[in-house]
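J.: If you scroll down you'll find the structure; I have some questions about it.
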Amino acid sequence: MTNRAQEKGLIPLVAVSAIVAAPLLVIIGIVIGSQIQLSNFLSSDSLSSWISAAATVAIAVLTFVLAKETWYLREAQIEQVNELRRESIRPNVSIALTNSPISFNLMVVEVSNLGRGIARNIRFGFFDKSGSPINAGEDSIVDEFLKLHILSEGMHTLGIGQKVSSFVFSFFDLKGKVKGGDIFSPFFTIAISYEDTEGTPYTNELTVDFAEFKGISELGGGDPLYNISNDIKKLREKFEQVTGISSKRIHVEVYTAEDREREQRERDEWLTEQRKKAEEGANNEIQPTTNAAAD
């Protein structure tokens, strides 16, 4: 508890004690005065005056205490309102190092804003175990991070719920870059500084310890959704090879009213032609029969 909180807690106790003690002291004084027969020095008029003065002092003390407590209460309310307003626009920029769904050894860095407000003037800094800054060219692993413009030069703004992710490195490529070949030895801290829309500064940090990845393994061959999409892609490619149809070109056959009229016209012509052939065939059969009857 701070000194100011302790002071606020003691003020009501002291005020109540003073208010209660003042009349008691007056009454005790009257009783003692009557017992030692000080009526010559303390008349009834002076006694009432002293009582009125004591009551006035008590009321004045009580008024002062109430005014002071009211002022403290007002300050607390204003501070609470300001805190609620700051929380409503407060951003929360975080950075994470995760595995890519494509492969477990591929590492992806993700910068996200998990707060309720827009983050501005986002800057990133890299520090070693002793807290000394790590500049470009001093650490091969940090250089992989600094290749990203957002980590080396920062970001102007990051919206509410917005995320920016990018591939950083592969564990298979670290053996030739880490001193001694121990890929689990790198250790550094990424410090984040940013502001809200009113310019209030905030900080956050991420400790990257590659030793935490030691012993971690993966089962199942990666992200199931990625595997399903990859299998569908392979199936589509096989289908295109068999059918000879490329997915880049869409073959569309359009059947219009003109096509229907042309088909109907061709059908009518064919039926007319067949009817004529049938009639000619019937006439040819009737004529030889007539000639034979005449003979």
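The values are calculated or read from the model by the stated rules, or taken from the named source; none is laboratory data. Here the structure is a predicted model, which means the values were calculated and not measured. Methodologically, a virtual Cβ is constructed for each residue, glycine included, from the backbone with ideal geometry; neighbour enumeration extends over all protein chains shown.
J.: Give me the pairs, please: first residue somewhere in region 84-111 and in the same structural domain as Lys147 (by TED's automatic domain parsing) and free of Cβ contacts under 8 Å to residues at least 60 places away in the same chain, second residue anywhere and among the small types (Gly, Ala, Ser) and surrounded by fewer than 16 Cβ atoms within 10 Å (Cβ to Cβ), beta-carbon distance under 7 Å, and either six or more positions apart or on two chains.
T.: Val109/Ser165; Val109/Ser166; Glu110/Ala96; Glu110/Ser165
J.: Evaluate region 140-154: report whether one residue or more is without any contact (Cβ under 8 Å) to a residue 60 or more places away in the chain, in contact with a Leu (Cβ under 7 Å, 6 or more places away or on another chain) and in the same structural domain as Ser100 (by TED's automatic domain parsing).
T.: For region 140-154, residues without any contact (Cβ under 8 Å) to a residue 60 or more places away in the chain, in contact with a Leu (Cβ under 7 Å, 6 or more places away or on another chain) and in the same structural domain as Ser100 (by TED's automatic domain parsing): present.
J.: Also: If Gly220 passes every condition in (1) assigned to a helix (DSSP H, G or I); (2) modelled with pLDDT under 75 but one, which one does it miss?
T.: For Gly220, the exception is condition (1).
J.: With (1) among the hydrophobic types (A, V, I, L, M, F, W, C); (2) more than 21 Å from the chain's Cα centre (by Cα); (3) farther than 30 Å from Glu87 by Cβ as the list, and Phe126 as the residue in question, which single condition is left unmet?
T.: (3)
J.: Here is a follow-up. Failed condition for Leu151, given (1) surrounded by 11 or more Cβ atoms within 10 Å (Cβ to Cβ); (2) in a strand (DSSP E or B), with all others met?
T.: Condition (2) is where Leu151 drops out.
J.: Those residues that are of a type in the set (Gly, Ala, Ser) and either touching an Asp or Glu at 6+ places or on another chain (Cβ under 7 Å) or surrounded by 11 or more Cβ atoms within 10 Å (Cβ to Cβ) (or both), I need them from region 177-228; list them, please. Even if it seems obvious, please write down each step before you answer.
T.: Within region 177-228, the subset of a type in the set (Gly, Ala, Ser) is 180-181, 185, 191, 193, 199, 211, 215, 217, 220-222.
Listed by number, the residues that qualify are Ser185, Ala191, Ser193, Ala211, Gly222.
J.: (1) at pLDDT below 60; (2) closer than 30 Å to His149 by Cα: which one isn't true of Gln37, the others all being true?
T.: Here Gln37 clears every test but (2).
J.: In region 172-182, what count of residues is obtained for those that are more than 18 Å from Phe126 (Cβ to Cβ) and part of a loop (DSSP other than H, G, I, E, B)? Steps first, please.
T.: Just the residues of region 172-182 that are more than 18 Å from Phe126 (Cβ to Cβ), to begin with: 172-173, 175-176, 180-182.
Now drop any that are not part of a loop (DSSP other than H, G, I, E, B), which leaves 175-176, 182.
Qualifying residue count for the region: 3.
J.: Go through region 183-217 and report how many residues are in a strand (DSSP E or B) and aliphatic (A, V, I, L, M). Reasoning before the result, please.
T.: Our first condition is that a residue be in a strand (DSSP E or B); within region 183-217, this holds for 187-195, 201-209.
Still in the list and also aliphatic (A, V, I, L, M): 190-192, 206, 208.
Within region 183-217, residues that are in a strand (DSSP E or B) and aliphatic (A, V, I, L, M) number 5.
J.: So which residues in region 189-212 are of a type outside the set (Ser, Thr, Tyr) and within 18 Å of Ile150 (Cβ to Cβ)? Reasoning before the result, please.
T.: Of region 189-212, the ones of a type outside the set (Ser, Thr, Tyr) are 190-192, 195-196, 198-199, 201, 204-206, 208-212.
Across region 189-212, the qualifying residues are Ile190, Ala191, Ile192, Glu195, Asn204, Glu205, Leu206, Val208.
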